[in-house]
């Protein structure tokens, strides 16, 4: 089997098991029911006393209900993975997968909720209407620039954790990988020249979070579908009106006024961070050869990276990372969002800031460095579950430090709590498999 054929195997298996299981998540009880009399406590009449208490103090909903651990995964289906605008129904399998990861790696009860609403302001109102039921919202697969508007309004107008995974999640994973990649090649974040290929949700957020961590935008160049951003590009007024988030970065980067496209942007760059459109061929081998010594290539498009990793290596890249689990150095937002929400929920945070995302990334990088990093191993994998409680604790601690937490817990308290909750989720999965409540797949395993 060739490399490209092997890369197609997950598609076939995903469709096969989607049909076998009929979905990835379901609701399970949290309390015991020994006989029907117990419903007098769990439901009427006993539940009325819980409702009365909450009516007197709505904040008690975080204590007396599962609101403390419940989020919704919301998408309008307008930019799903690398598939584009495929609609809310087609986004549901992705949102289910997200919910499964939230539970297994973060112990978070996440409900997939695609909605048929494309207008950004009405989408905001839909999400705001759900605030009394949840402790957080994970926005997912919403087209740019609409996603910036939706996130900004929800951060401003709600008192719960709201985050857009295609922005802050990808940014956190990218920063974590970049921190360690730079350690391997012996360069400093504040010094390196970065070329950002793509100016959508992922890269604008990555630029934002990397700047929070100490990167310097004056060393960077950003490229959109029309070429390198620069302050005097003829379409700047149009961009300022339609996409002020991109306009901001056009003003902050490329002070030399370099012109051209991707090949010109890569000239002399230490790092390229690509989050544009599926490849291969978006970035060509010969363009990698124009980069500085020991170049770092992050090709994050899904489902196919902008350049195949082996091609980038052949062209001289020292370190290559992609968004795929079947290649080394997966820049995977699944390493970030379960733990960030775990930490944010554990302190009942009122928001998730970029500084919290950067703190999560720095802890993720620290974990990898402690167990050893190399050119093909710059970031933890999802199998290293011990990283999740640590990232959760770092996130919660930053929320406390920034004054956005309802509950002030110490780092050690957060670490113990996250470890206990995540262990419970993993043990729950094992118990369901061992008992046969979750059916074993044909052949006994998914891959095999």
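Here are some notes:
- Of the helices (runs of 4 or more DSSP H) lying entirely inside the range 1-58, those containing at least 1 residues that are free of Cβ contacts under 8 Å to residues at least 40 places away in the same chain, out of contact with any strand residue (DSSP E or B) (no Cβ under 8 Å at 6 or more places or on another chain) and surrounded by 11 or more Cβ atoms within 10 Å (Cβ to Cβ) are 9-21, 39-42, 47-56.
- Pairs where the first residue, in the range 233-244, is without any contact (Cβ under 8 Å) to a residue 12 or more places away in the chain and the second is part of a helix (DSSP H, G or I), C-beta under 8 Å, 6+ apart: 239/246; 239/247; 239/250; 240/247
- Residue match in the range 383-397 (condition: under 26 Å from residue 305 (Cβ atoms), under 23 Å from the mean Cα position of the chain (by Cα), without any contact (Cβ under 8 Å) to a residue 24 or more places away in the chain and part of a loop (DSSP other than H, G, I, E, B)): yes
- Restricting 99, 40 to residues that are more than 25 Å from residue 123 (Cα to Cα) and in the same structural domain as residue 121 (by TED's automatic domain parsing) narrows the list to 40.
- Criterion violated by residue 5 - all others in (1) more than 27 Å from the chain's Cα centre (by Cα); (2) under 23 Å from residue 440 (Cα atoms) satisfied: (2)
- Flag if residue 177 is over 18 Å from residue 353 (Cβ atoms) and crowded, with 24+ Cβ neighbours inside 10 Å: yes
- Listed by position, the helices (runs of 4 or more DSSP H) contained in the range 202-320 that have at least 1 residues being touching a strand residue (DSSP E or B) at 6+ places or on another chain (Cβ under 6 Å) and at pLDDT 95 or above are 244-252, 262-266, 309-314.
- Residue list for the range 409-444, restricted to those being over 23 Å from residue 30 (Cβ atoms), under 27 Å from the mean Cα position of the chain (by Cα) and either outside any helix (DSSP H, G or I) or in contact (Cβ under 8 Å) with a residue 60 or more places away in the chain (or both): 410
- Scanning the range 372-382 for residues that are more than 15 Å from the chain's Cα centre (by Cα) and either under 19 Å from residue 210 (Cβ atoms) or modelled with pLDDT under 95 (or both) returns 373, 378.
- Some residue of the range 326-338 being crowded, with 18+ Cβ neighbours inside 10 Å, in contact with a strand residue (DSSP E or B) (Cβ under 7 Å, 6 or more places away or on another chain) and in a helix (DSSP H, G or I): yes
- The lone criterion from (1) assigned to a loop (DSSP other than H, G, I, E, B); (2) more than 25 Å from residue 305 (Cα to Cα); (3) touching a helix residue (DSSP H, G or I) at 6+ places or on another chain (Cβ under 7 Å) left unmet by residue 192 is number (2).
- With respect to (1) out of contact with any helix residue (DSSP H, G or I) (no Cβ under 6 Å at 6 or more places or on another chain); (2) within 19 Å of residue 212 (Cβ to Cβ); (3) surrounded by 20 or more Cβ atoms within 10 Å (Cβ to Cβ), the lone exception for residue 361 is condition (1).
- Complete set of residues in the range 133-144 that are in contact with a helix residue (DSSP H, G or I) (Cβ under 7 Å, 6 or more places away or on another chain) and surrounded by fewer than 20 Cβ atoms within 10 Å (Cβ to Cβ): 133
- Single unsatisfied condition, residue 98 versus (1) closer than 20 Å to residue 354 by Cβ; (2) in contact with a strand residue (DSSP E or B) (Cβ under 7 Å, 6 or more places away or on another chain): (1)
- Some residue of the range 84-93 being closer than 18 Å to residue 144 by Cβ, in contact with a strand residue (DSSP E or B) (Cβ under 6 Å, 6 or more places away or on another chain) and in contact (Cβ under 8 Å) with a residue 40 or more places away in the chain: yes
- A residue that is in a loop (DSSP other than H, G, I, E, B) and either in contact with a strand residue (DSSP E or B) (Cβ under 8 Å, 6 or more places away or on another chain) or more than 17 Å from residue 306 (Cβ to Cβ) (or both) occurs somewhere in the range 174-187.
- Count of residues meeting criterion [under 29 Å from residue 17 (Cβ atoms) and surrounded by 13 or more Cβ atoms within 10 Å (Cβ to Cβ)] in the range 403-448: 10
- Total residues in the range 254-275, condition on the phi < 0 side of the Ramachandran plot and without any contact (Cβ under 8 Å) to a residue 40 or more places away in the chain: 8
The values are calculated or read from the model by the stated rules, or taken from the named source; none is laboratory data. From a predicted model like this one, the values you see are computed outputs, not experimental measurements. For neighbour counting, all protein chains shown are included, and Cβ atoms are generated from backbone atoms with ideal geometry for every residue, glycine included.
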